[in-house]
Amino acid sequence: DMNGQVALVTGGIRGIGAAICDRLAARGMTIAAGYSRDKEAADLFGEAHPGSSVHQGDIGAVEDCERVISEVLDQHGRLDVLVNNAGITADKTVRRMSPHDWDRVVQVNLSGAFYLSRAILQHMLDRGSGRIINISSIIGESGNIGQANYAAAKAGLFGLTMSLAQE
């Protein structure tokens, strides 16, 4: 029974994130959905999910991650599940990939999960419960042409997840 619990799903207003939100809401959870752009889609999501909240931010920016966690706690009083789902791509072969393309994908796809996890960890420890779910990709294991940045970030999520579990 997940009634009364709150989940924050990053990238939650579309795609895989929206499907995760729908599934958790069907199990009785209150949903806080993170998004980076498309206010109109976020408003529609909020209308379709009564009692939910939407939170705009740049997952690649530590300040935005900390603010979103604070907003969720202020609005809902708790956070039981963090789903680090948000991700971006900037596909180019390594020869054509700019340092900006590399940095931006790693910032959003890996550092964002760290920033959010770090921001909520004490709350979960103080409450004696909580779950952090990091959504990775098979590309993190196998690599893919034109996705060195994405593969590195998704592989890094595996190490982050294993380390958090041990801590």
Scan of segment 118-133 for residues that are touching a helix residue (DSSP H, G or I) at 6+ places or on another chain (Cβ under 6 Å) and open to solvent by less than 30 Å² (accessible area, probe 1.4 Å), ordered by number: I120, G130
Filtered residues of segment 9-28 (kept if farther than 13 Å from G57 by Cα and open to solvent by less than 10 Å² (accessible area, probe 1.4 Å)): G17, C21
Out of A25, A19, A41, sole residue that is out of contact with any strand residue (DSSP E or B) (no Cβ under 9 Å at 6 or more places or on another chain), among the small types (G, A, S) and assigned to a helix (DSSP H, G or I): A19
Quick check on D58: is it charged (D, E, K, R), part of a loop (DSSP other than H, G, I, E, B) and surrounded by 16 or more Cβ atoms within 10 Å (Cβ to Cβ)? yes
Pairs needed: first member in segment 132-149, touching a residue at least 12 places away in the same chain (Cβ under 8 Å); second member anywhere, open to solvent by 30 Å² or more (accessible area, probe 1.4 Å) and among the small types (G, A, S); C-beta distance under 6 Å; at least 6 residues apart or different chains. G140/A155
Quick check, is V105 surrounded by 20 or more Cβ atoms within 10 Å (Cβ to Cβ) and either under 13 Å from the mean Cα position of the chain (by Cα) or under 30 Å from D1 (Cβ atoms) (or both)? no
Members of segment 156-167 found to be open to solvent by 40 Å² or more (accessible area, probe 1.4 Å) and either touching a residue at least 40 places away in the same chain (Cβ under 8 Å) or within 21 Å of I20 (Cα to Cα) (or both), listed by number: F158, T161, L164
From L121, L79, residue being hydrophobic (A, V, I, L, M, F, W, C) and touching a His at 6+ places or on another chain (Cβ under 9 Å): L79
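The values are calculated or read from the model by the stated rules, or taken from the named source; none is laboratory data. It should be emphasised that the depicted structure is a prediction, and the values quoted were computed from it without experimental measurement. All Cβ positions, glycine included, derive from the backbone under ideal geometry; neighbour counts span all protein chains shown. Quick note on the areas: whole protein, heavy atoms, side chains included, nothing else; ligands and nucleic acids left out. Shrake-Rupley method; radii C 1.70, N 1.55, O 1.52, S 1.80 Å.
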